[in-house]
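Quick notes on the structure that follows.
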Amino acid sequence: MKRHLLLFTSLSLLVFTQMGLGQTTYTWIGANGGSWATSTNWSPTRTTPATNDIIQFTGVSVTVLGVPSETIGQLNISADAVVLLSSDATLTINSSLTVNGSFDLNPLSLSGTGDFTLGATGTLKINHAEGISGMIALSGTKTFTDGASYYFYNTNTIHPFISSVVATNITSLVYITLNHDVSVTGIVSIYFPLTLGTNNLTLQSSATVVGLYGSLGSSGRFIDASGSGELRKVFSSIGSFTFPVGTSPTTYSPVTVNFTSGTFSSAYLGVKLVNSKHPNNTSATNFLNRYWTITQSGINSFSCVITATYVVGDVAGTEASIYCGAYNGSTWAQYSATNATSHLITATPITSFPKDFTGGETSVLPVELTSFIVLARCNKVELKWNTATEVKNYGFEIERSIRNVELRIRNWDKIGFVAGSGNSNSPKEYSFTDQTATSGSYSYRLKQIDNDGTSKYSDMVEVTVNQIPNDYSLNQNYPNPFNPSTTITYDIPKTSFVKISVYDILGEEIKLLVNAEKNPGHYEIIFDAKELAGGIYYYSIKAGAFSQSKKMILLK
């Protein structure tokens, strides 16, 4: 009976081993610089390697030498491990490779039918010319978990990724060109230009870009956005961000966008650039051989300032005679002259995208509106618009159309005229109040007329007039930034005691604007800040249970 039991046990062990159930897990316990082939570097001692062995590294920071050309079942790198496998051999993995820590091969290559998983805590260090696909040449399923990090070094690559990824950090010590879209939540660290090519690099709201072993922008430490791909930055609120873009090998041409107002919903701004003259810039003598294209998504009712840096080599003609221009796809808007000392162009206020920004001559970058908004106030509508500069501007006819979804053709009526400023090299503000509007939906446009009688129309803006508002609201002041006064508007849907105050950046109340009972309606107040220092201020409303605050900027 015992002999039969022993025979059954032996046969069972043989069958289980052949079925893969007899796998042995070996954990590295050797020193840094130890040899893979040394059996005592493993626990248990690895005296008889098998093709289904499970190899794992836990809680170590090691370089393992002499990895042989052998086949294993699994290779696991735990979250607390930092591992470099070094040899000229090929390690074959037929089940799985799982990386939750830091993993590097130099120049060892991997092959086999196994799956590959890079965990959210994993960091993959890549030095292969074909990027991850060259380093991890496994034919099984490859999974890249959101949050993993990628470190490129030693070898330039134009195929760094296998698919689109969401990374925590990307570090690049070499020239790499994206072959898939990439999103980053942490830090992008660059030593040489990171080229976007046809793909997008998205920096989430918390993400930043830094230079490795030198300042950002120096010696090629920037994002090359000269292809069709965009460097995108996610915005969740007003604020400023500098897009560290340039063109290889060393031309750094960053552009800074500063939002002073706006609403943001799943919002981003995209930037790319071209190091040549804009195709629609017909300046003959004085212009820039560079332009920036900026697009946006999810940002509404905004105002921002654009500042772009060019290099002296971009300048054709006389730098002081070049003015910033913004092209919206059909017409140019002209802004101030270049800063020839710092080599900057600036456009403000910008209230819509997409736009191309460059520099050219005033005669080629004709005057256009820089903003045009409408504000409904009970039974009146206020129109406000700005120009940057003007050439032979006779004035503006204001036209209105009553919106009706059943009408296929709009009927436009002239309701007023505002004289222009003729020729002007400074920004101008205009306004008009439509006193005849009743409850309903309206469209407005401006007909800008030159001295010679030629004219062109602005974009159409729409507004709905309600004599009694539906909700409490505190609206963004206009203009913003301002100097020295600005208009604040608010809505009251039912009789309420209203208090509106202005506070400094420390939260100290510096001005009480409203402190009275108000009937239902739309209201506006003028805030005069001529006695205040320039800077950031806040204004807030309290009406019944409703409260809200807004930020405004005083420029002096």
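The values are calculated or read from the model by the stated rules, or taken from the named source; none is laboratory data. Fair warning: this is a prediction, and the values are worked out from it, not measured in the lab. As a convention, Cβ positions derive from the backbone with ideal geometry for all residues, glycine included, and neighbour counts pool all protein chains shown.
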Being small (G, A, S), surrounded by fewer than 17 Cβ atoms within 10 Å (Cβ to Cβ), part of a loop (DSSP other than H, G, I, E, B) and modelled with pLDDT under 95, is that true of even one residue in region 120-131?
yes
Can you confirm whether D452 is among the charged types (D, E, K, R) and either under 25 Å from R400 (Cβ atoms) or surrounded by 15 or more Cβ atoms within 10 Å (Cβ to Cβ) (or both)?
no
Find the strands (runs of 3 or more DSSP E) located wholly in region 288-403 whose residues include 1 or more that are over 22 Å from T242 (Cβ atoms), and list them.
291-309, 323-327, 332-337, 355-360, 369-377, 380-387, 390-402
Yes or no: region 147-158 includes at least one residue that is modelled with pLDDT of 95 or more and surrounded by fewer than 20 Cβ atoms within 10 Å (Cβ to Cβ).
yes
Take region 70-91 and flag every residue that is outside any strand (DSSP E or B) and either at pLDDT 95 or above or in contact with an Asp or Glu (Cβ under 6 Å, 6 or more places away or on another chain) (or both).
E70, S78, A79, D80, A81
Could you identify the single residue in Y478, Y523 that is modelled with pLDDT under 90, closer than 30 Å to N328 by Cβ and outside the structural domain of L375 (by TED's automatic domain parsing)?
Y478
Determine, yes or no, whether K550 is part of a strand (DSSP E or B) and in the same structural domain as G416 (by TED's automatic domain parsing).
no
The number of residues in region 407-450 that are at pLDDT below 85, in a loop (DSSP other than H, G, I, E, B) and not β-branched (V, I, T) is 9
With respect to I402, is the statement that it is at pLDDT 90 or above and either among the aliphatic types (A, V, I, L, M) or surrounded by fewer than 12 Cβ atoms within 10 Å (Cβ to Cβ) (or both) true?
no
Could you pull out every one of the strands (runs of 3 or more DSSP E) wholly within region 466-544 that has 2 or more residues that are of a type outside the set (A, V, I, L, M) and loosely packed, with under 12 Cβ neighbours inside 10 Å?
509-518
Considering only region 507-556, how many residues are at positive phi and under 36 Å from the mean Cα position of the chain (by Cα)?
2
